[in-house]
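The values are calculated or read from the model by the stated rules, or taken from the named source; none is laboratory data. Being a predicted model, the structure only gives us computed values, none of them experimental. Ideal geometry is used to build each Cβ from the backbone, glycine not excepted, and the neighbour counts take in all protein chains shown. Side chains are part of the model used for accessible areas, which takes the heavy atoms of the whole protein and leaves out ligands, DNA and RNA. Shrake-Rupley method; radii C 1.70, N 1.55, O 1.52, S 1.80 Å.
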Amino acid sequence: MKIEIKLPRPRNPMAMAARLRRAGSHRPDGRTQRQRASRALRCQLNEMKHIP
């Protein structure tokens, strides 16, 4: 009688590579949106300063 040891499937190296480079949606993250909003607000405030 032979004993068979079932090995788990090998891991997909491409999946790990994608996970390490933080693959995901192609939308900008919240940090980018906050920076844009802050920049726009600063620009508006500067325009208000120059209005006589």
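Descriptive notes on the structure:
- Condition met for Leu20 (open to solvent by 80 Å² or more (accessible area, probe 1.4 Å), out of contact with any strand residue (DSSP E or B) (no Cβ under 6 Å at 6 or more places or on another chain), at pLDDT 80 or above and hydrophobic (A, V, I, L, M, F, W, C)): no
- Test result for Leu45, exposed (fewer than 10 other Cβ atoms within 10 Å of the Cβ) and modelled with pLDDT under 85: no
- Close contacts from segment 40-52, counting a first residue that is assigned to a helix (DSSP H, G or I) and a second that is surrounded by fewer than 10 Cβ atoms within 10 Å (Cβ to Cβ), with Cβ to Cβ under 9 Å and a gap of 6+ residues or different chains, come to none at all.
- Within segment 13-31, residues that are part of a loop (DSSP other than H, G, I, E, B) reach partners that are at pLDDT below 75 with beta carbons closer than 9 Å, at six or more positions or on different chains, in the pairs Ala23/Ala17.
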